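Presented below is the structure to which this report refers.
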Amino acid sequence: LNLTHDWLHSFLPFILQKIDRVTFGLLSAEELEAALKRDPKMPETRRVSAVPFVGKDVPSESSEFAHPDIVIGTTILAYRYEGTRKN
């Protein structure tokens with residue numbers, strides 16, 4: 001019950017204020033290739049979950065969201081807005 005209250009009153013309003021592909025989003029195929037060339041040991045979480053963006057269509061190079069609930073919420077929204085990948 002407490003988790004639901006936290007989600008509805010804290011996390012959900014925060015996540016819904018974010019804009020897809022401006023403040024968060026999934027890495028596109030081209031961005032994934034470029035990131036893997038820069039850092040072959042890139043964590044798997046950056047490949048499948050939402051990452052913060054520094055500007056319109058510009059993902060941050062190495063940072064990730066710190067709070068697990070924010071990662072889950074932004075990832076769900078990103079897949080909802082952008083769809084699943086074909087590969």
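Among the residues of region 53-68, not one is touching a helix residue (DSSP H, G or I) at 6+ places or on another chain (Cβ under 9 Å) and among the β-branched types (Val, Ile, Thr).
Filter region 73-87 down to the residues that are in contact (Cβ under 8 Å) with a residue 12 or more places away in the chain and either of a type in the set (Gly, Ala, Ser) or surrounded by 11 or more Cβ atoms within 10 Å (Cβ to Cβ) (or both) and list them by number.
Result: 73, 74, 75, 77, 78, 79, 81, 82, 85.
Just one of the numbered conditions (1) over 26 Å from residue 3 (Cβ atoms); (2) surrounded by 10 or more Cβ atoms within 10 Å (Cβ to Cβ) is not true of residue 45: (1). Within region 19-42, the set of residues being open to solvent by 60 Å² or more (accessible area, probe 1.4 Å) and touching a residue at least 12 places away in the same chain (Cβ under 8 Å) comprises 38, 39. The set of residues in region 76-86 that are under 12 Å from residue 21 (Cα atoms) and among the hydroxyl-bearing types (Ser, Thr, Tyr) comprises 79, 81.
The values are calculated or read from the model by the stated rules, or taken from the named source; none is laboratory data. Keep in mind that what you see is a predicted model, and the values were worked out from it rather than measured. So basically every Cβ, Gly included, is an ideal-geometry build from the backbone, and we count neighbours across all protein chains shown. With ligands, DNA and RNA removed, areas are computed over all heavy atoms of the protein, side chains included. Shrake-Rupley method; radii C 1.70, N 1.55, O 1.52, S 1.80 Å.
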